[in-house]
Amino acid sequence: MFFENLKKLCSARGISVSRLAMEVGKPSSSATGWKAGARPRADTLKKIADYFGVTTDTLLSDNGTVEYTRSEQPADDVRLPDEQPEPPLTEQESEIIRIYNVLDLKHRTKLLNYAYELESATEPYRVSAPDGGTIREVFRDAPLYRLKASAGTGVFLDSNEYDIVKVGPEVPLSMTFGVRIDGDSMEPKYPDGHVAWVRMSQALEIGQVGIFMYNGDGYIKKLGRGELISLNPKYAPMHLKPDDEFRVYGSVVAVTEDVYS
């Protein structure tokens, strides 16, 4: 009943559930998990209750009765307003719910725990406002490797040598780490001296641009069929052989100027 009660409260306030999630300091995608049956943690539940001025029992109630905590609210029991239609789910949201529904309890718990870990890893910084409220900042921490991913001859990338830098909305939340580009073989789209932001993955689709380790060196290239391809036509493809040492680090999700020194 949590999500149904939440929808009605949001409707009465004139906001969407996704917007409410952001108002209490959670990503808008939390609404999808709540709709699928997930219940917020106790601290988040308390923030939601405080936002609407109701008790946490109201959010979890199965009878639709509102229990207000603010003295200016009416003391008598008040029914929640009629439900308003929510925007339809996207195809991706529907697929997440489908996967969740076919899992057993053990694997549903694993999925939710992993989702919480991802959520925590991508949380922006927040600071308290003078009035005690919460201001959502656009900046967050990101690891930026000191060793460069070559767009030329290649340098070794697999290292723990990185700096934590502040990034803003120019870097997608799906980013895992950043590397500086060294060389011109991926110009003009991925210029020398810029930063490539990477979503970690062990496999890429043909045609995706990613970060690769090839025979001990790190590269930014486009993945071809049995080869790594440069965007700059003056560089020939690097053909992969069965005995070569090859590893995928992830796909490049954004490229920015290097303003993080």
Find how much the distance from D50 to R247 grows on full extension, using 0.36 nm per residue of separation minus their present alpha carbon separation; answer in nm with one decimal. 66.0 nm
Within 14 Å, Cβ to Cβ, of V209, how many net charges do the neighbouring residues add up to if Lys/Arg are +1 and Asp/Glu are -1? +1
Length gained, A42-E95, 0.36 nm per residue minus C-alpha separation, equals 16.4 nm
Estimated FRET transfer efficiency when R0 is 41 angstrom, pair F139-H239 (beta carbons, to 0.05): 0.45
Quick check: pseudo-label points 7 Å beyond the Cα along Cα→Cβ at N232 and D57, how many nm apart are they? 6.9 nm
Can you tally the net charge around L231? Count Lys and Arg as +1, Asp and Glu as -1, for every other residue whose Cβ sits under 14 Å from the Cβ of L231. 0
Would you list I99, I181 from fewest to most Cβ contacts within 10 Å? I99, I181
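Only the coordinates and a few stated rules stand behind these numbers; no lab work does. No experiment lies behind these values; they were computed from the predicted model shown. All Cβ positions, even for glycine, are placed from backbone atoms using ideal geometry, and neighbour counts span all protein chains on display.
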